[in-house]
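Please read the structure below before turning to the comments.
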Amino acid sequence: MLVLDTHQRIGLAACRALGAAGYDVGAADSQDDLGSHSRHTARFHRIPPARDSGAAFSAALEEVVGRHGYEVVVASDDATIARLHHSVPSVPTVPAVGPDSGYEALVDKVALADLCAQAGVRYPATAVPADFPDDAAAVLAVGLPCFVKTARSGQVDGDRVRMRKGAVPARTLDDALTAMAAFRAIGCAPIVQAALSRQRKYVAAVVRAGGHSQVRLVMHAVRDWPPLGGVSTLNVSVSSSVGDGRLACDALERLLDAAGYEGVAGAEFLRTGDAEHDLQVVDVNPRFFGSAMFGERLGLRITERAVRHALGDRPLPDADYEVGRRYHHLAGDVRWIGSPAAERGPIRTLWGTYGLRDVYENVDVRDPGPLVHLVSGRLRRLVRRAPA
């Protein structure tokens with residue numbers, strides 16, 4: 001198995017999971033990474049970045065695959081996946097890409113609105129500036145506050161992938177117009193989406209094939225950084241068979257089936273009211289989700305399941321998980337503490353949310369190399385920046 005994007009926590013989770021399952025794992029990235037320091041990784045290949053050198057990336061990828069006989073390519077970064085979708089490799093990929101994969105309908109946020117309507121899933125009001133006389137009219141069509149996003153997770157533009165991760169919250173019209181101009185300046189098409197008044201946020205993930213999910217995982221996202229909406233810094237596992245967990249997984253499955261997509265996927269949902277239909281999807285990602293390491297530590301073997309599906313191997317038995325387990329993104333919590341109190345709420349809410357049985361990002365006592373590499377690298381950078 002060849003795992004790309006191994007400088008990220010998702011790539012590291014894939015290396016650990018596949019190595020523990022007995023696969024021969026190679027890591028490939030354009031920079032010094034986390035995955036190559038894992039005891040589960042047999043070798044590291046330095047290749048050009050998918051975002052900035054598409055032709056060189058594709059050529060290097062094919063050379064590595066051919067030389068070492070890799071059977072599947074596993075990717076997790078949106079830019080890399082967009083490049084793979086544009087130039088499909090000679091071996092299967094996780095996630096599935098290409099014209100018949102259903103990928104396109106899920107990553108295009110405008111197409112996703114139509115897909116949601118088809119699948120009976122609520123989606124925030126979305127405006128495409130090109131459909132209005134000017135940008136201000138697009139903003140006013142959805143109302144303030146709002147979010148400005150890119151229309152696609154990653155757009156291939158010749159040898160480069162144009163993208164900007166995340167959404168920009170806009171409280172005023174000037175905020176929205178400034179964000180839209182900034183998106184265009186880097187070659188990304190902006191859209192405007194209504195900001196929902198949320199009560200709770202959930203992250204749902206499935207491994208889906210043939211109209212059936214081998215795994216349904218749901219997490220309550222207790223804290224985010226930035227506080228107005230971003231990376232979940234504390235997730236707590238909740239049941240996928242009752243309540244909001246069931247509703248979120250059912251909605252995600254309908255979307256994947258409507259798109260014709262199979263494999264691993266995740267989505268974010270917001271509860272905006274008390275009625276059953278007040279659960280709205282705000283983002284769908286046909287790839288591994290950010291807290292994939294949590295799913296592995298819960299024993300769900302998500303990465304292995306996705307790889308087996310890509311190879312056409314016999315699926316593993318369906319699996320469930322323990323409810324109430326917590327997963328921490330420690331760097332995000334540090335930033336959360338440093339954010340304005342008016343946005344994040346009182347620091348005392350941290351009390352009681354840490355425990356010895358919790359899962360911590362990048363931390364695995366059986367595989368300490370990546371964490372040692374991460375911490376030592378940050379210490380070296382601090383020393384270099386320190387005044388003489």
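Values quoted throughout were computed directly from the atomic coordinates according to the rules given, and no laboratory measurement underlies them. Here the structure is a predicted model, which means the values were calculated and not measured. In this analysis, Cβ positions are derived from the backbone assuming ideal geometry, glycine residues included, and neighbour counts consider all displayed protein chains.
Annotations
- Close amide H contacts of residue 94 (hydrogens built in the peptide plane, cut-off under 5 Å, sequence separation of 5 or more or a different chain): 73, 74, 75.
- Look at the Cα gyration tensor of the range 142-243: its axes a ≥ b ≥ c give a/c of at least 1.5 with a/b at or below b/c, and that counts as oblate.
- Taking every C-alpha pair closer than 8 Å and separated by at least 6 residues, the mean separation divided by the residue count of the chain gives a relative contact order of 16 percent.
- Here the spin labels are modelled as points 7 Å beyond Cα on the Cα-Cβ line, and at residue 52 and residue 356 they lie 4.6 nm apart.
- Segment residue 318..residue 118, full-extension length gain: 69.2 nm, with 0.36 nm per residue of separation and the alpha-carbon distance subtracted.
- Per residue, the chain reaches -10500 deg cm²/dmol at 222 nm when only DSSP H runs of four or more residues are counted, each adding -39500 (n - 2.57).
- Annotation: extensible slack from residue 62 through residue 331 equals 93.4 nm (criterion: 0.36 nm per residue apart, minus Cα-Cα distance).
- Derived scalar couplings ³J(HN,Hα) [the range 352-359; Karplus, 6.51 cos²θ - 1.76 cosθ + 1.60; whole Hz; x for Gly, Pro]: x, 9, 10, x, 5, 8, 5, 9
- In order along the range 278-293, phi translates into HN-Hα couplings of 7, 10, 10, 7, 10, 7, 10, 10, x, 6, 5, 8, x, 9, 4, 4 Hz, rounded to whole numbers, per the Karplus curve 6.51 cos²θ - 1.76 cosθ + 1.60 with θ = phi - 60° and x for Gly and Pro.
- Overall shape: prolate for the range 3-140, with the ratio a/c of the largest to smallest alpha carbon gyration tensor axis at 1.5 or above and a/b above b/c.
- Prolate/oblate/rounded call for the range 318-388, Cα gyration tensor, a/c under 1.5 rounded: oblate
- The rule of thumb for compact globular proteins, 2.2 N^0.38 Å, goes into the C-alpha radius of gyration of the range 200-344 1.05 times.
- Dividing the Cα radius of gyration of the chain by 2.2 N^0.38 Å, with N the residue count, gives 0.97.
- The residues neighbouring residue 339, those whose beta-carbon lies less than 13 Å from its own, together hold a net charge of 0 under the Lys/Arg +1, Asp/Glu -1 convention.
- For the chain, complete DSSP H runs whose alpha carbons reach 20 Å or more along their own long axis and whose mean Kyte-Doolittle score is -1.0 or higher are 54-68, 243-259, 369-385.
- When you filter the GluC sites (Glu not before Pro) in the range 275-306 for DSSP loop state and at most 12 other Cβ atoms inside 10 Å of their Cβ, you are left with 276.
- Residue 363/residue 71 FRET efficiency (R0 30 Å; Cβ-Cβ; nearest 0.05): 0.50
- Gain on full extension, evaluated as 0.36 nm per residue between residue 246 and residue 209 minus their Cα-Cα distance, stands at 11.5 nm.
- Low-density loop cleavage sites - GluC sites (Glu not before Pro) in the range 315-388, where at most 14 other Cβ are within 10 Å (DSSP): 322
- Evaluating 6.51 cos²θ - 1.76 cosθ + 1.60 at θ = phi - 60° for every residue in the range 207-221, the Karplus couplings come out as 10, 10, 7, x, x, 9, 9, 5, 9, 10, 10, 10, 10, 8, 7 Hz, glycine and proline recorded as x.
- Amide H to amide H, with H built 1.01 Å from N, residue 30 comes under 5 Å of 47, counting only residues 5 or more places away or on other chains.
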